[in-house]
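Read-outs: derived from the displayed coordinates by stated rules, not from any lab. A quick note: this is a predicted structure, and the numbers were derived from the prediction, not measured. FYI the Cβ positions are ideal-geometry reconstructions off the backbone, even for glycines, and counts take in every protein chain you see.
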Amino acid sequence: MAWFKKKETPPGEKKAMDALWSKCNACQEIIYKKELERNLHVCPKCSYHFPIQSHNRIAIVADDGSFKELDRELAPVDPISFRDLKRYSDRLHEAQHKTGLKDAFTTGRCDIDGAPVMIGVFDFSFLGGSLGSVVGEKIARMIEKAMDEKIGAIIFTSSGGARMQEGILSLMQMAKTSAALSLLRKERLPYISVLTDPTLGGVTASFGMLGDIIMAEPRAMIGFAGPRVIKETIKADLPPGFQRAEYLLQHGMIDLIVERKRLKKTLGNLLNLLYH
């Protein structure tokens, strides 16, 4: 016999609380959302970097009013009529309605601390930031535009990897984007890869790790297969911090780790250095 019963929060009250407060995934502290926004979506208690949407990322790094979006209307289709629990076309429509985006990747031209650059930003809230044919096409076009204007390129990754609903067409984007970056390198134009949490699968195995400079946000998960899959495959415990940004920096896989509040200044300094 239960001596007490936990009182459930009324739906309206819960919705109001969710609108005002967030819970940190790392330290479990409850944070006032306005304070979190002022701190660039970084936990003021433990410095955990919350995942952020592409428009927030652009607002943080681009000089005010300088961002001009490219290829806004490009949208994916269902090339192989894929269906699991839902049709792929239905998943696309739901993601587009939820995020207001056409796909998981936004590209454009902006200035960062006065330095012109082409940028591309993944949005994990759109189908896990997965790499599909439209994402690959937008990356290729972004690189071509950078070569036309003789400026560098930056890609901010946040992705679960290739988009399985597009089959081989998705996997082809790994080669396509890598080839585009090889042309950029021949023009001696810089490419900076910024790895955020999480960056996995085909994105890591292609353009994510091809930067002239590869940086990451603190504690970002970066790898190909996830740690659970690796552990079950090799039947052994993984080293502490495995696949986190700090582990990769220690083992020479990335060049530096940059906190979000220093990201714009760091990118601006690097671009001005590489341009001269």
> So in the chain, what percent of DSSP beta bridges are antiparallel if you round to the nearest 5?
Replying inline: 45 percent
>> Checking the cross-link filter: which aspartates and glutamates have an alpha carbon closer than 13 Å to that of LYS264, excluding same-chain neighbours under 8 positions apart?
In response: ASP63, ASP64, ASP111, ASP113, GLU217
> Across segment 240-248, in residue order, what do the Karplus-derived ³J(HN,Hα) couplings come to in whole Hz, using 6.51 cos²θ - 1.76 cosθ + 1.60 with θ = phi - 60° and x for Gly and Pro?
Replying inline: x, x, 3, 6, 8, 3, 5, 5, 5
>> Less than 11 Å Cβ to Cβ from LEU36, Lys/Arg counted +1 and Asp/Glu -1: what total charge do the surrounding residues give?
In response: +2
> Looking only at segment 109-138, which residues have a backbone nitrogen under 20 Å from a spot 7 Å from the Cα of ILE80 in the C-beta direction?
Replying inline: 127-138
> Each residue of segment 87-100 in order: what ³J(HN,Hα) in whole Hz does its phi give by Karplus 6.51 cos²θ - 1.76 cosθ + 1.60, θ = phi - 60°, with x for Gly and Pro?
Replying inline: 5, 4, 4, 5, 4, 4, 4, 5, 5, 5, 5, 5, 9, x
>> With just the Cα atoms defining each centre, how far is segment 127-191 from segment 206-251? Give it in Å.
In response: 21 Å
> Say R0 is 22 Å: what FRET efficiency, to the nearest 0.05, do LYS68 and ASN269 get from their beta-carbon distance?
Replying inline: 0.45
>> Can you order the peptides 242-255, 224-237 by their average number of other Cβ atoms within 10 Å per residue, highest first?
In response: 242-255, 224-237
> Using unit Cβ charges (K, R positive; D, E negative) and no other charged atoms, how large, in debye to the nearest 20, is the dipole of the chain about its Cα centre?
Replying inline: 660 debye
> Put a dot 7 Å past each Cα toward the Cβ at ALA19 and GLU37; how far apart are the dots in nm?
Replying inline: 1.2 nm
> Tell me, SER158, SER81 in order of fewest to most beta-carbon neighbours within 10 Å?
Replying inline: SER81, SER158
>> Per-residue counts of other Cβ atoms within 10 Å, averaged by peptide: what ranking do you get for 64-77, 120-133, highest first?
In response: 120-133, 64-77
> For the cross-link pairs LYS34/LYS138; LYS138/LYS231; LYS33/LYS145; LYS98/LYS138, which exceed 28 Å when the distance is taken from alpha carbon to alpha carbon?
Replying inline: LYS34/LYS138; LYS138/LYS231; LYS33/LYS145
> Hey, got a sec? Which trypsin sites (Lys or Arg not before Pro) in segment 145-208 land in a DSSP loop and have at most 10 other Cβ atoms within 10 Å?
Replying inline: ARG188
> In sequence order, what are the phi-derived ³J(HN,Hα) couplings for segment 180-197 according to the Karplus relation 6.51 cos²θ - 1.76 cosθ + 1.60 with θ = phi - 60°, rounded to whole Hz, with x for glycine and proline?
Replying inline: 4, 5, 5, 5, 4, 5, 4, 7, 6, 10, x, 10, 10, 9, 10, 8, 10, 7
> Got a sec? How would THR99, THR177, THR204 order by Cβ neighbour count within 10 Å, fewest to most?
Replying inline: THR99, THR204, THR177
>> Which one, VAL134, THR177, LEU189, projects farthest toward the positive side of the charge dipole computed for segment 120-199 from Cβ point charges (K/R +1, D/E -1)?
In response: LEU189
>> For the pair ARG87/ALA175, report the inter-label distance in nm, with labels modelled 7 Å from Cα in the Cβ direction.
In response: 3.1 nm
